[in-house]
Amino acid sequence: MDADSSFYQGSVYMQRIWRRLKGDYQLSIIISVAVLALIALPPFALYRLLNDDWLLGALDSALVIGTSFAVRSAWRTGKTLRPGQFLAFAYSISAVIVAIKLGVNGLFWFYVMIIFNFFVVPPIQSAIATLCALVALCTYGLLAPGYLFDGPAQLVSFSVTAVITSLFALVFAHRGSMQRRQLHELATIDPLTGIGNRRALEAELDTVFAEHSRYGTAYGLLVLDLDHFKRINDSFGHKAGDRVLKDFVRIVGSACRQSDRLYRFGGEEFVLVAPQVNRGGLEQVARNILTTVQQELRNVDGTPVTVSIGGAPILWQKDYKSWLHSADECLYQAKHAGRNTIVIAEPGAKRSSLLSYNLDGAAP
């Protein structure tokens, strides 16, 4: 592999990482916080171990190892709740131990822990973890007077400031969570049909193609386009067209598998991502949709509305764009063949040897 090829692959890999972090706020927060922790903690661990402070040195080392595993799990699975809960629990326990071991100098880390918790886990869980840690410190301060706090006044002052900081963090975390959820819906959900839009589809296809490239997971792609949809809008108005689109999404949802994911690509064109299917399985999914749509989808005047379908398994394509293009070419052939037709790309043939089916299973 030459230098230019290595540079190109490295650039593509970094772009994929950046797109994933941009599209997943919670994952980006966990990664960012973890990176800061992995930069800050090792020097403390080394310093304490060199000065024979075995307890705190071992604690810092354990946090480095635990943080690394949590980040690895979040990145590989895409699930951030469990890793976040683990980190919040681990750092809450560590903040209590550090404060008890170092005395008043260790209390400053408690405020860092408060902010950390409200970033990595949901607000209510953060409040519970922070409150438990605060109760533990205050209980120890009462049982060992003069060690952790100089007196009751300092204990009360610390408790009040910790609670106020937690309340501020709770309010901002809760409000930020609501705003992110609303922005995510605006950015990725089609407001008419309630399914994912083109932006969500592209993010999904990028993830799917990366999974296939790494693990060989089988996927199929269907591009669905309602036949003569413009006539519906022209003859009955956009309100009638909108109703047909919503009915279509409902009908497709009932006709395909629970694991299949439907997105609105634009206008009357939709894309279905079907996991764990070979070409035969993808063809069967398309047949179910074609049959069900013809039987159930109706215009406002009662006339049937049909769909043309192009599909491609994920086999030869170099990226998700070429995969989508393969399915789109098949859709074009289905339209050209007379509509209400399925055209599925033949594996290994790329653009030739395409097999097409109408509702009765015969070549149109």
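The values are calculated or read from the model by the stated rules, or taken from the named source; none is laboratory data. Values in this document were obtained by computation on a predicted structure and should not be read as measured data. Cβ coordinates were reconstructed from backbone atoms using ideal geometry, including for glycine residues, and neighbour counts include every protein chain displayed.
When segment 206-224 is filtered for residues that are in contact with a helix residue (DSSP H, G or I) (Cβ under 6 Å, 6 or more places away or on another chain) and part of a strand (DSSP E or B), the ones remaining, listed by number, are TYR219, GLY220, LEU221, LEU222, VAL223.
In this structure, LEU87 does satisfy being at pLDDT 85 or above, in a helix (DSSP H, G or I), crowded, with 16+ Cβ neighbours inside 10 Å and of a type outside the set (Ser, Thr, Tyr). When ARG175, ARG199, ARG180 are checked against the criterion of being touching a helix residue (DSSP H, G or I) at 6+ places or on another chain (Cβ under 7 Å), of a type in the set (D, E, K, R) and over 30 Å from ALA312 (Cα atoms), ARG180 stands alone in meeting it.
Does ALA203 satisfy the condition of being among the aliphatic types (A, V, I, L, M), assigned by TED's automatic domain parsing to the domain that holds LYS335, assigned to a helix (DSSP H, G or I) and surrounded by 16 or more Cβ atoms within 10 Å (Cβ to Cβ)? Considered against the rule, which asks whether it is among the aliphatic types (A, V, I, L, M), assigned by TED's automatic domain parsing to the domain that holds LYS335, assigned to a helix (DSSP H, G or I) and surrounded by 16 or more Cβ atoms within 10 Å (Cβ to Cβ), ALA203 comes out as yes.
Those strands (runs of 3 or more DSSP E) of segment 240-352 in which at least 1 residues are under 26 Å from the mean Cα position of the chain (by Cα), touching a residue at least 40 places away in the same chain (Cβ under 8 Å) and crowded, with 18+ Cβ neighbours inside 10 Å, considering only elements entirely within it, cover 261-266, 269-275, 307-313. Of the residues making up segment 116-126, at least one is surrounded by 21 or more Cβ atoms within 10 Å (Cβ to Cβ), under 26 Å from ARG48 (Cα atoms) and not acidic (Asp, Glu).
With respect to the conditions (1) farther than 21 Å from LEU201 by Cβ; (2) under 23 Å from the mean Cα position of the chain (by Cα), ASN233 lacks only one, and its number is (2).
Among LEU27, LEU63, LEU41, which is the only one that is surrounded by 18 or more Cβ atoms within 10 Å (Cβ to Cβ) and within 15 Å of the chain's Cα centre (by Cα)? Give the steps one after another, and end with the answer.
Details: LEU63 fails: within 15 Å of the chain's Cα centre (by Cα); LEU41 fails: within 15 Å of the chain's Cα centre (by Cα).
Testing whether each residue is surrounded by 18 or more Cβ atoms within 10 Å (Cβ to Cβ) and within 15 Å of the chain's Cα centre (by Cα) leaves just LEU27.
Test SER94 against the stated conditions and say whether it is of a type outside the set (A, V, I, L, M, F, W, C) and touching a residue at least 24 places away in the same chain (Cβ under 8 Å). It is true that SER94 is of a type outside the set (A, V, I, L, M, F, W, C) and touching a residue at least 24 places away in the same chain (Cβ under 8 Å).
Taken as a whole, segment 141-153 holds at least one residue that is more than 35 Å from the chain's Cα centre (by Cα), surrounded by fewer than 18 Cβ atoms within 10 Å (Cβ to Cβ) and aromatic (Phe, Trp, Tyr).
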